[in-house]
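Report on one structure; see the data block that follows.
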2 protein chains.
Amino acid sequence: MALIVQKYGGTSVGSTERIKNVARRVAHFAKQGHRLVVVVSAMSGETNRLLALAKELSASPNPRELDVVAATGEQVTIGLLAIALEAIGLRARSYTGGQVRVLTDDAYTKARILEIDQAAMRRDLDAGTVVVVAGFQGVDAAGNITTLGRGGSDTSAVALAAALAADECQIYTDVDGVYTTDPRIVPEARRLDRVTFEEMLEMASLGSKVLQIRSVEFAGKYKVKLRVLSSFEEPEASGPGTLITYEEDEDMEQAIISGIAFQRDEAKITLMGVEDRPGIAAAILGTVAAANIDVDMIVQNIGASGMTDFSFTVNRNEYAKALEALKAANGKAFVARDIVGDNRIAKVSVVGIGMKSHVGIASRMFRALADENINIQMISTSEIKISVVIDEKYLELAVRVLHRAFELEKAAGEVA
Amino acid sequence: MALIVQKYGGTSVGSTERIKNVARRVAHFAKQGHRLVVVVSAMSGETNRLLALAKELSASPNPRELDVVAATGEQVTIGLLAIALEAIGLRARSYTGGQVRVLTDDAYTKARILEIDQAAMRRDLDAGTVVVVAGFQGVDAAGNITTLGRGGSDTSAVALAAALAADECQIYTDVDGVYTTDPRIVPEARRLDRVTFEEMLEMASLGSKVLQIRSVEFAGKYKVKLRVLSSFEEPEASGPGTLITYEEDEDMEQAIISGIAFQRDEAKITLMGVEDRPGIAAAILGTVAAANIDVDMIVQNIGASGMTDFSFTVNRNEYAKALEALKAANGKAFVARDIVGDNRIAKVSVVGIGMKSHVGIASRMFRALADENINIQMISTSEIKISVVIDEKYLELAVRVLHRAFELEKAAGEVA
């Protein structure tokens with residue numbers, strides 16, 4: 001008799017046939033006596049279709065209005081799923097973000113959830129009604145429609161699970177779990193039975209597209225039990241997927257490296273010859289942040305004679321904008337001898353919670369890349385990952401050699 | 001410096017190119033200093049697409065959820081139009097029905113407007129912002145999304161014009177005004193410069209699809225100045241359309257007959273041999289009303305020997321349901337010897353405010369039909385219209401001969 005939040009992405013609800021499948025899966029759980037909150041995305045292709053219409057009208061559409069348009073995608077799905085559930089004898093009730101009330105800030109197209117009102121959902125759940133909620137959207141304090149940005153439906157699901165103190169949050173997708181890397185690049189890639197939040201966080205941010213990063217942060221923060229499953233199997237025949245666990249819960253032997261993550265659409269920018277003084281990084285990144293551009297890796301070496309080079313990576317779509325903003329600010333907010341960049345790079349990372357207690361991971365990684373003559377342009381490390389920036393043309397090769405170097409095709413425990 | 005409510009239907013916003021045209025027309029009025037509230041429908045085809053999805057999931061979709069799905073059509077248009085307006089330098093802000101707050105009852109798929117909150121719109125209008133409102137929708141007191149039923153965007157526009165005490169409510173459509181009849185049937189059909197509310201009411205209910213009936217009732221009740229115009233002409237070259245006036249305002253010479261209206265999708269039901277006693281009509285119609293079916297014409301003749309026949313017409317789509325409900329109630333709510341029907345009928349009406357003070361209209365009408373051997377099955381009259389039910393195969397012929405019989409191809413004043 002658990003309370004389960006299930007989330008179905010765009011491909012899982014991509015047609016009325018697929019929506020019927022989702023309804024059958026929900027019914028399967030409901031018949032076991034579970035109480036269900038189902039979060040859905042827009043039907044696949046719908047968000048792109050809507051955004052394309054907006055782009056036909058304006059090169060830079062008003063973001064408030066863009067959210068008004070985009071939010072309809074999920075609204076269609078909630079109504080259709082509720083209809084499908086009622087058609088097979090369940091009681092169901094749909095909620096837009098505003099109807100739940102998922103309160104967000106007013107950062108249109110990338111809003112953050114501030115608060116979720118559970119009152120209405122609780123009433124329905126107590127009455128045995130399946131609650132169907134539009135992912136990806138909310139309202140700000142003034143009642144304006146907001147969206148959480150691409151992939152935000154995962155975040156909606158986790159936030160709802162946290163608010164309702166759900167027993168489990170199940171993310172249904174077109175894969176049956178989290179893999180050691182993308183199986184399209186490495187056929188031997190293996191499904192992980194479990195992965196820690198910290199690893200998942202690194203995997204998500206580095207391009208394992210299974211879960212949206214903010215949803216993993218949220219889940220970790222509120223200790224939501226998160227499971228990734230496939231919606232393309234029959235409900236009765238579903239595998240266990242991948243459970244995302246907390247490091248501290250973990251007492252079984254942990255693999256050193258869990259997976260190889262990567263990110264294609266990156267660009268790097270280097271400010272050459274900036275003064276090596278306190279506040280310089282803040283001045284540079286402040287300029288980028290003011291242009292509303294997210295920065296990923298940041299690298300700064302110790303400089304010689306009071307000067308240093310400062311590099312960072314951004315999403316490729318924001319490369320031109322970032323470069324422009326920095327060139328405009330050069331000589332004012334900071335002084336750089338030159339500002340250069342490259343938008344044909346990719347990032348590859350090895351991720352693993354076990355890395356912390358093992359030496360030699362970095363050298364094994366760099367050695368594997370060197371053996372294939374892949375030049376490393378930037379390096380950045382955290383407690384549980386090592387990332388390198390390379391020429392994007394070597395991306396697939398790098399992922400394959402690293403997967404082999406860390407013997408990820410073997411199950412945990414088998415690795416030397 | 002007028003306050004104008006403009007309404008654009010589905011074909012007027014049927015593509016991004018058409019939405020740009022609407023934006024240019026709005027800009028044309030805004031530049032003259034007018035304050036504008038623009039009400040829009042879903043892009044043409046969109047509502048049907050959405051309802052078809054719902055029908056794929058259930059033969060009788062849950063009406064609350066149907067409204068959740070259907071309401072997205074207009075929501076897309078408001079966002080897109082606001083984007084288009086901002087793109088050409090106007091300030092614009094979109095409102096869903098719930099955001100305005102258009103409060104309705106909770107009769108999903110055919111809700112009625114109870115109250116409109118003008119506060120937010122006023123603020124925007126005072127700030128020089130164009131207000132873009134989703135037609136066809138509202139929210140009930142509990143915050144559920146409702147729709148006003150097909151064509152309800154006209155009603156939204158008139159209700160907003162009434163609430164805001166707008167100087168004029170302009171309904172843009174794919175025709176340039178109200179015609180004496182459908183030009184596809186009678187090529188000589190003529191645009192009317194003005195038509196009274198009463199006539200328009202009869203025309204709308206009888207099938208002149210220019211304006212939705214409830215919007216005309218609303219406009220009459222709240223004395224909203226209503227004008228029908230074409231959105232397919234250049235703003236600068238627009239004709240005057242057709243102004244809908246109040247009878248009492250009218251001092252110019254009035255044509256006896258303004259137009260020939262017709263309704264194709266009708267069915268008639270006759271209860272034979274029912275007792276001719278007080279309360280019998282209420283018992284029969286109560287049964288139909290309880291099945292949520294609207295009745296159009298109602299005819300009852302004086303009966304012989306205490307028995308009478310009772311006939312009425314319904315929309316063809318509801319024919320089977322009405323027949324079933326009546327047969328189930330026969331012998332309980334009332335007693336009828338037999339219940340028969342015909343779903344291949346049509347209704348043709350002559351409409352004219354001038355009819356009141358002229359005799360001989362009915363005989364001219366019946367004579368014209370008799371000359372073509374068209375049998376009249378039912379007759380119903382009001383102060384300003386005469387309607388007949390005929391076999392649907394004679395519909396076009398009947399409309400043509402009546403248009404000719406009343407010389408509607410000639411302008412008012414020319415008629416003998």
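Given label points at 7 Å from Cα along Cα→Cβ, what nm distances, shortest first, separate A:Arg123 from the same residue in every other copy?
2.6
Within a 10 angstrom radius of each residue's Cβ in A:69-76, how many Cβ atoms of other chains show up on average? Whole number is fine.
Mean number of neighbouring Cβ atoms from other chains: 6.
For region B:1-54, just the Cα set please: Rg and Dmax, both in angstrom.
Cα-based Rg and Dmax for region B:1-54 come out at 13.5, 45 Å.
Which value in nm describes the separation of the simple spin-label points at A:Ala290 and B:Lys410, placed 7 Å from the Cα toward the beta carbon?
In this crude spin-label approximation the distance works out to 7.8 nm.
Can you flag which of B:Lys7/B:Lys110; A:Lys110/B:Lys110; B:Lys7/B:Lys393; B:Lys20/B:Lys393; B:Lys327/B:Lys385 are past 30 Å Cα-Cα?
From B:Lys7/B:Lys110; A:Lys110/B:Lys110; B:Lys7/B:Lys393; B:Lys20/B:Lys393; B:Lys327/B:Lys385, over 30 Å: A:Lys110/B:Lys110; B:Lys7/B:Lys393; B:Lys20/B:Lys393; B:Lys327/B:Lys385.
When you have a sec, figure out the Kirkwood radius of region A:98-167 from all distinct Cα pair distances and drop it here in Å to one decimal?
This gives a value of 12.1 Å.
Write down the radius of gyration of the protein assembly as shown and its Dmax, each obtained from C-alpha positions, in Å.
33.4, 119
State, as an integer percentage, the relative contact order of region B:43-186 based on alpha-carbon contacts under 8 Å between residues 6 or more apart.
It comes to 22 percent, rounded to a whole number.
When Cβ neighbours within 10 Å are restricted to other protein chains, what is their mean count per residue of peptide B:97-109?
Counting other chains' Cβ atoms within 10 Å and averaging over B:97-109 gives 1.
Could you give, in nm with one decimal, how far B:Asn301 is from each other copy of that position, shortest first, with labels 7 Å out from Cα toward Cβ?
For B:Asn301, the inter-copy label distances come out at 10.5 nm.
Just want the answer: with Cβ charges of +1 for Lys and Arg and -1 for Asp and Glu, which residue in A:Ala283, A:Thr308, A:Ile353 is farthest toward the dipole's positive end in region A:260-405?
The residue sitting most towards the positive pole is A:Ile353.
Helix-only mean residue ellipticity at 222 nm, chain A, DSSP H runs n ≥ 4 weighted -39,500 (n - 2.57), per residue, nearest 500. What is it?
Rounded to the nearest 500, the figure is -10000 deg cm²/dmol.
What is the magnitude of the charge dipole of region A:106-198 about its Cα centre, with +1 placed on the Cβ of each Lys and Arg, -1 on the Cβ of each Asp and Glu, and no other charges, expressed in debye to the nearest 20?
It comes to approximately 180 debye.
Arranged from highest to lowest average of other beta-carbon atoms within 10 Å per residue, in what order do the peptides B:338-344, B:67-73, B:392-398 appear?
So the peptides B:338-344, B:67-73, B:392-398, ranked by packing, come out B:67-73, B:392-398, B:338-344.
Report, for B:Asp167, each distance to the same residue's label point in the other copies, shortest first and in nm; define the point 7 Å along Cα→Cβ.
6.6
About its Cα centre, what dipole magnitude does the protein assembly as shown give when the only charges are +1 on Lys and Arg Cβ and -1 on Asp and Glu Cβ, stated in debye to the nearest 20?
It comes to approximately 100 debye.
Between B:Gln118 and B:Ala333, how many nm apart are label points set 7 Å from Cα along the C-beta direction?
With each label placed 7 Å out from Cα toward Cβ, I get 4.1 nm.
Starting from 0 in steps of 5 Å, tell me what percent of the Cα-Cα pairs of region B:262-308 lands in each bin.
Answer for region B:262-308: a P(r) of 5, 16, 28, 23, 16, 9, 3, 0 percent.
Could you rank the peptides A:88-96, A:185-193 by their average count of other C-beta atoms within 10 Å per residue, with the highest value first?
A:88-96, A:185-193
Quickly rank A:276-288, B:212-224 as a protection proxy: mean count of other C-beta atoms within 10 Å, highest first.
B:212-224, A:276-288
Across peptide A:138-145, what mean number of C-beta atoms from other chains lies inside 10 Å of a residue's C-beta?
2
Looking at B:Thr180, B:Ser156, B:Thr77, which one has the Cα that reaches farthest to the positive end of the dipole of chain B (charges on Cβ: Lys, Arg +1; Asp, Glu -1)?
It is B:Thr77.
What is the minimum Cβ-to-axis distance for chain A, in whole Å, where the axis maps A onto B, and to which residue does it belong?
Result for the axis mapping A onto B: A:Thr72, 2.
Each reported figure results from applying straightforward, stated rules to the coordinates on display, with no laboratory input. Everything numeric in this text was worked out from a predicted model, so none of it was measured. For neighbour counting, all protein chains shown are included, and Cβ atoms are generated from backbone atoms with ideal geometry for every residue, glycine included.
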